[in-house]
Amino acid sequence: MSERAHLRLATLLLQPAADVPGGFASATVPVHRGSTVLFNDADSFAARGRRLYDGYTYGLYGTPTTEALARRLAALEGAERVMLAPSGLAAIQLVNLSVLRAGDHALFSDAMYGPTRNAALGLLAGLGIEAEFYEPGAGAGIARLLRPKTRLVWIESPGSLTMEMQDVRAIARAARKAKVQVAMDNTWATPLRLRPLEMGVDFSVQALTKFTAGHADVLMGSIAVADGALFRRLRDVQGMLGTCVSPDDCSLVLRGLETMDVRLERQAKSALEVARWLAEQAPIARLLFPALPADPGHALWKRDCRGAGAVFSLRLRDASWEATRAFADALQLFGLGASWGGVHSLVAAYPAPPARRFAGDAPQAPLLRLSIGLEDPRDLIEDLRLALRRPPKPTKGKKT
Ligand SMILES: *Cc1c(COP(=O)(O)O)cnc(C)c1O
């Protein structure tokens, strides 16, 4: 203290405290907030570019908190490195912008998440990148769609809303043979159920927003890669875009990771119980849930996934929007809203899934998606039973 005694109070307030006791070993990862990273001397500052891929140079490229999350996710994915993005959708675009250039061709499963599809047609098309949608069941047949200009194949299994399983290995094998990179949106299964990098996928993408964070209070995405060169390219593009994640948000995702296995286990068990019950009910036409033996994707699910997810879709026998809407509105224990994978059960009602190139088994009919939370499944079933019995009401009475 004494050597600083000559400093004025305003300056003293800004001096680092030299006498804080050390030895605080917390069981949790501390939150390191910081944009500026301090260097010991001008030479190391001038050479900071050397630390771009490992180490700290500026908050944009990570802090010990973001790095702790990235490394824990890398262990979960069996990955060399993990790149974080401010949302699941941002992670998907980061892959696209890292791999694709004007004149390139990219293949997307026809059952992909709606905003991924919109970005392929909007953002990518505007950059001179041609996006083509392929039939989700293509399997090894994807080889016939590969062109000299094809650079990337996207997989999402099961597909958003319509839940078609894809043959990940067969698609990845065919693409790799043609030296085309493969990306997979693995949000539904999470790496606890399926590890894409082990199946020949180059970029394993997750919306951490869903099961990993698990409490509907944070948005984040991740990209896991087995190849350090892919990570460096992602880092370069991330730096050029200037997208990063906040250490506070990372700390929420780190907390979510600690309970993810037990949450997913319990929620998937409840989802199976609820889905089996629904399958027996007269007003239900069809459940879209690969974990059920009657689902056309069941064999692939059984082969590739180490357990069920907790999200599935259904169609009512009365396929009118009126009936679909009334059912969603009548539910009391299910919140009505976008996203899924949190501890609270949710329902989302869609007049129709996004327009598809291959209608196949997915007609443009109304659809409901349920995300099963941590409530007692008996209460959820009772809520569903009452909602199925309730006659349609003319107006919506739900939150907002
Ligand atoms: C929600 C979701 C995303 C996007 O995640 P956000 O964090 O909401 O941007 C991507 N893919 C799938 C399959 C999703 O369900």
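Values as computed for the structure displayed
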quantity: In the range 162-186, residue farthest from Arg147 (Cα to Cα) [restricted to those that are of a type in the set (Lys, Arg) and out of contact with any helix residue (DSSP H, G or I) (no Cβ under 9 Å at 6 or more places or on another chain)]; calculated: Arg176
quantity: Pairs, first within 16 Å of Ser109 (Cα to Cα) in the range 173-187, second of a type in the set (Lys, Arg), C-beta under 8 Å, six or more apart; calculated: Val180/Arg151; Gln181/Arg151; Val182/Arg176; Thr187/Lys210
quantity: Yes/no for Phe39 being under 30 Å from Gln166 (Cβ atoms) and in contact with a helix residue (DSSP H, G or I) (Cβ under 6 Å, 6 or more places away or on another chain); calculated: no
quantity: Residue in the range 304-345 that is nearest to the ligand (Cβ to nearest atom), counting only those that are among the aromatic types (Phe, Trp, Tyr) and within 18 Å of the chain's Cα centre (by Cα); calculated: Trp340
quantity: Criterion (in contact with a Gly (Cβ under 6 Å, 6 or more places away or on another chain) and either at pLDDT below 95 or outside any loop (DSSP other than H, G, I, E, B) (or both)) met by exactly one of Pro363, Pro290, Pro354, Pro394; calculated: Pro354
quantity: Helices (runs of 4 or more DSSP H) wholly inside the range 17-118 containing at least 1 residues that are under 28 Å from Trp188 (Cβ atoms) and either within 16 Å of the ligand (Cβ to nearest atom) or in contact (Cβ under 8 Å) with a residue 60 or more places away in the chain (or both); calculated: 64-77, 88-99
quantity: Close pairs from the range 366-377: first farther than 17 Å from Gly214 by Cβ, partner among the charged types (D, E, K, R) and outside any strand (DSSP E or B), Cβ under 7 Å, at least 6 apart; calculated: Pro377/Glu273
quantity: Of residues in the range 152-192 being of a type in the set (D, E, K, R) and crowded, with 20+ Cβ neighbours inside 10 Å, the one nearest to Gly342 (Cα to Cα); calculated: Asp185
quantity: Failed item in (1) in contact with a strand residue (DSSP E or B) (Cβ under 6 Å, 6 or more places away or on another chain); (2) within 16 Å of the ligand (Cβ to nearest atom); (3) over 24 Å from Arg147 (Cβ atoms); (4) not in a loop (DSSP other than H, G, I, E, B), with Gln238 passing the rest; calculated: (1)
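This table checks each residue for (1) touching a helix residue (DSSP H, G or I) at 6+ places or on another chain (Cβ under 6 Å); (2) without any contact (Cβ under 8 Å) to a residue 24 or more places away in the chain; (3) crowded, with 21+ Cβ neighbours inside 10 Å; (4) farther than 24 Å from Gln206 by Cβ.
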{"site": "Arg255", "(1), (2), (3), (4)": "no, no, no, no"}
{"site": "Ala279", "(1), (2), (3), (4)": "no, yes, no, yes"}
{"site": "Leu288", "(1), (2), (3), (4)": "no, no, yes, no"}
{"site": "Phe312", "(1), (2), (3), (4)": "yes, no, yes, no"}
{"site": "Leu316", "(1), (2), (3), (4)": "yes, no, no, yes"}
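The values are calculated or read from the model by the stated rules, or taken from the named source; none is laboratory data. This one's a predicted model, so the numbers in the text were calculated from it and none came from an experiment. Every residue, glycine as well, gets a Cβ built from its backbone with ideal geometry; the counts of neighbours run over all protein chains shown.
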